[in-house]
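Let me begin by presenting the structure, written as structure tokens, before commenting on it.
Nothing in this text is a laboratory measurement; each read-out follows from the coordinates by a stated rule. On a predicted model such as this, the values are computed, not experimentally measured, just so you know. Positions of Cβ are generated from backbone atoms using ideal geometry, with glycine treated the same way; all protein chains shown enter the neighbour counts.
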Amino acid sequence: MPGRPSPWSACWKRIEPLAFRVEVSELAAEKFRKLDKPVRERIARKLKQMAGDPSRDLTRLSSVEVYKLRVGNSRAIVDVDWDGKLVYVLTVGHRSTFYR
């Protein structure tokens with residue numbers, strides 16, 4: 001939202017050059033804002049780490065062409081453009097309600 005600081009920017013104070021660029025959908029940003037601060041920080045750290053080499057941290061979902069990122073009890077569903085070096089976060093949430 002314009003004029004409102006992104007919750008993602010607070011977690012990424014220093015960003016080194018990454019192999020893949022990470023973009024976040026509006027749905028993922030909204031759900032991310034609702035998470036507790038320690039969980040948000042943990043997910044942001046994992047996304048930043050994963051941007052260096054996504055193939056190491058991602059698991060492909062069997063039914064669709066997207067991947068899941070496991071962060072403790074939380075999950076993120078991401079779409080990866082391997083040629084364009086882009087990771088697009090579709091949604092985030094707790095694993096107990098995530099797959100419903």
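What the table below lists for this structure:
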| item | result |
| --- | --- |
| Dipole moment magnitude, nearest 20 debye, segment 19-98 about Cα centre, only Lys, Arg, Asp, Glu C-beta charged | 480 debye |
| Segment 19-98 - Rg and Dmax from Cα coordinates, angstrom | 11.7, 34 |
| Backbone N within segment 41-57 under 18 Å of label point (7 Å from residue 73 Cα along the Cβ vector) | 41-44 |
| Pairwise label distance in nanometres, residue 61 with residue 21, each label 7 Å out on the Cα-Cβ vector | 2.4 nm |
| Mean separation of Cα contacts under 8 Å (6+ apart) over length of segment 19-98, as relative contact order % | 37 percent |
